[in-house]
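Here is the structure we will look at.
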Amino acid sequence: MGKRTACWVSLVLGLSLMGGKAFSGDKVKVGLLPLVSSAPIFVAVEEGFFREEGVNVELKFFQAAQPIATAMAAGEVDVGATGLTAGLYNALASGLDAKIVADKGREWPGYKLSGIVVSTREWERGVRSIEDLSGRRIGVTQIGSTFHYMLGNILERHSMDLSQVKLVPLGGLKSLVEALSGGQLEAIFVAQPFCTQAESAGVGKVILWAGEELKYQIAAIFMSGGLLKKRDMAKAFLRAYIRGCRVYYDGCLVRDSNGRPLKAEAFSRVLGQIAKYTGLSPEQVVLDLSYNDRDGELMWDDIPRQINWYRAHGMLTKDLDPQSILDRSLWEEAKKEVGP
């Protein structure tokens, strides 16, 4: 797949258009990160769903969420598939012509997407809970990131707030693990597979999984105004995406009574498809099987909550009406056309 460190990696898929469903050969350029949480898109590509819907897809890989919104504003991508950050909401409030249309990953009970890892030294000192982190340095990727949001909300659930910890933004997830290992931080908030990698290396211990604390729409699919004006093409994209969500969910997310994947017929095939685009081995992918809704439905009511929280914490520069940035009808129409 190539090095994951590249800021821009373009994979032109050259999907042939099918006569009756062709959309004049226009490419739909998708900005996303090479993460397991992008699995439904990878599956939809590999299973041929975009091709069957007549959509000519080009994937453009990024290493952070904010540049995707910037690329959309510049007309360089038509679809964004990334985290719901303060930066994205600010871009939408400032005139980014786009709307959020579908789910792209949630924090959910039973699914280990991201967690708080304390250093081995702090663990040995007895740090076992969120309350024990008072006064300690906690690393996150960026101010206004999904990790910042989750940490703030989890602290509030435990009758604490962000003023009681020392938030340290360090950019990349790898940098956070290195800082924890080097003793610059007492704890970090990171996504899989970095949580289990830190434990395996003896660097730290996971004290909390975010999905056990809150149900949270961590990422979404958003579309440019230009693509939304091409309603049929936008719906065709979503139909293929929903089909990808269903294969991913049925193949990888259904669990037994002990919380273990049932490993349906498509399990190994889907793991291989995800591995192809992420640079991870199938064994590593299993550690990061994040939750996606089976039909790609967004947690619509969670968007106003996020906007209100970011506004209350001074991270939104302008007021933003949640309904002005959502297009629920597009998803509803696409789901109806896909069928049960």
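Of all residues in the range 146-191, which are surrounded by 22 or more Cβ atoms within 10 Å (Cβ to Cβ) and in a loop (DSSP other than H, G, I, E, B)? Leu185, Glu186, listed by residue number.
Looking only at residues that are among the polar types (S, T, N, Q) and more than 18 Å from Ile100 (Cα to Cα) in the range 28-82, which one is surrounded by the most Cβ atoms within 10 Å (Cβ to Cβ)? Out of the qualifying residues, it is Asn56.
Per-residue answers, yes or no, for (1) among the hydrophobic types (A, V, I, L, M, F, W, C); (2) touching a residue at least 12 places away in the same chain (Cβ under 8 Å); (3) assigned to a strand (DSSP E or B):
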| site | (1), (2), (3) |
| --- | --- |
| Val206 | yes, yes, yes |
| Leu214 | yes, yes, no |
| Ala220 | yes, yes, yes |
| Leu227 | yes, yes, no |
| Ala236 | yes, yes, no |
| Tyr241 | no, yes, no |
| Cys245 | yes, yes, no |
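Looking only at residues of the range 36-69 that are over 11 Å from Tyr241 (Cβ atoms) and in a loop (DSSP other than H, G, I, E, B), we find that the one that is farthest from the chain's Cα centre (by Cα) is Gly54.
Kindly evaluate Ala191 against the criterion of being more than 18 Å from the chain's Cα centre (by Cα) and not charged (D, E, K, R). When the stated conditions are applied, Ala191 does not pass them. When restricted to residues that are under 20 Å from the mean Cα position of the chain (by Cα) and either within 15 Å of Arg243 (Cα to Cα) or at pLDDT below 80 (or both), the range 260-272 contains 1.
Restrict the check to the range 309-320 and report whether at least one residue is of a type in the set (Phe, Trp, Tyr), in contact (Cβ under 8 Å) with a residue 12 or more places away in the chain, farther than 18 Å from Leu33 by Cα and not in a helix (DSSP H, G or I). No - not one qualifying residue is present in the range 309-320.
The values are calculated or read from the model by the stated rules, or taken from the named source; none is laboratory data. None of these values were measured; they are calculated from a predicted model. Quick reminder, even Gly has a Cβ in these numbers, built from the backbone with ideal geometry, and neighbours come from all protein chains shown.
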